[in-house]
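First up is the structure itself, then whatever we jot down about it.
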Amino acid sequence: MRLILDGLGHRFGEGAWLFTRLAVELQCGESCAVTGPSGSGKSTLLSILAGWQAPTTGQVRREDVTGVSWVAQNPFGVPGRTTLDHVVLPLLARGLTRKDAEPRARDTLGRFRLLPVADLPFGHLSGGEAQRLMLARAVLTTATLLLVDEPTAQLDPHSAATVIETLSQLADTGRIVVIATHDPRVAATCARSITLGVPA
């Protein structure tokens, strides 16, 4: 499995280039941070990697990538449904019964230090717990490419620290993980990095 950025460049209309000539190859089990100031194109690059937006120049090749999971900057969920419900859902979508899905879901919640809140409604979770829940749910999808957008941007220092610890484990799931971040602590968890500059 490989994700190949081949001469990638993008701008909106006739505006300034956000980035040009990006050339990176990522393989199974690798993580990559996309860093740069606000407005430099980090989220745009993730959208291009997901295939949701076409680049202005160059191409993205997804060799043996079997789906994309996006973890948004703002965690979203159903307020009245429990933490466990949210993690069971992708397993049910894969055809498992609730009885078979729950043990796997609880194992994953344990990895992300969420077992103590497994039975709490989503609306009762802290910011850090909600962000870790989104990561746990993404891991249980069949997607082999995980895109994570600014995972610590709105968290307090303690919540950010727990999310950073979680991020360091994502590549161990055998996927390609790309994280857009302004946080140098998050970037330090990644084996590779792409730095975008200030748009002209």
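Where a number appears in this text, it was derived from the coordinates with a stated rule and is not lab data. Owing to the predicted nature of the structure, the values given are computational and were not obtained by experimental measurement. Backbone-built Cβ (ideal geometry, glycine too); neighbour counts: all protein chains shown.
Dividing the mean sequence gap of close Cα pairs (under 8 Å, 6+ apart) by how many residues the chain holds gives a relative contact order of 34 percent. Most simply put, the range 1-152 has about 80% antiparallel DSSP beta bridges, counting only bridges with both residues inside it. Label zone of Lys99 (point 7 Å out along Cα→Cβ, amide N under 15 Å): in the range 113-153 this covers no residue at all. Taken over the range 81-195, the percentage of Cα pairs per 10 Å bin, counting from 0 up to the bin with the maximum distance, is 14, 46, 32, 8, 0. Using only Cα atoms, tell me the angle between helix 83-93 and the longest principal axis of the chain; keep it within 0 to 90° and round to the nearest 10. The answer is roughly 70 degrees. Within the listed set Ala138, Ala105, Ala161, the residue fluctuating most in the Gaussian network model of the chain (springs between alpha-carbon atoms under 10 angstrom) is Ala161. Working from the Cα coordinates of the range 1-57, the gyration tensor eigenvalues give, after taking √(5λ), semi-axes of 20, 13, 10 Å in decreasing order. Each principal axis of the Cα cloud of the range 143-200 was evaluated for its coordinate range; sorted largest first, these ranges are 38, 27, 18 Å.
What is the calculated FRET efficiency for Arg113 to Thr66, with r their C-beta to C-beta distance and R₀ = 30 Å, to the nearest 0.05?
Values: r = 28 Å, r/R0 = 0.93.
Once rounded, the FRET efficiency stands at 0.60.
What value does the chain have for Rg/Rh, both radii from Cα atoms and Rh as Kirkwood defines it?
0.99
Comparing Val87, Val117, Val177 in a Gaussian network model of the chain where C-alpha atoms under 10 Å apart are linked, the largest mean-square fluctuation is found at Val117. Taking the fewest neighbouring Cβ atoms within 10 Å as the starting point, the ordered list for Phe76, Phe122, Phe112, Phe12 is Phe76, Phe12, Phe122, Phe112.
Stretch Thr173-Ser126 to full length: gain in nm at 0.36 nm per residue minus the Cα-Cα span?
14.4 nm
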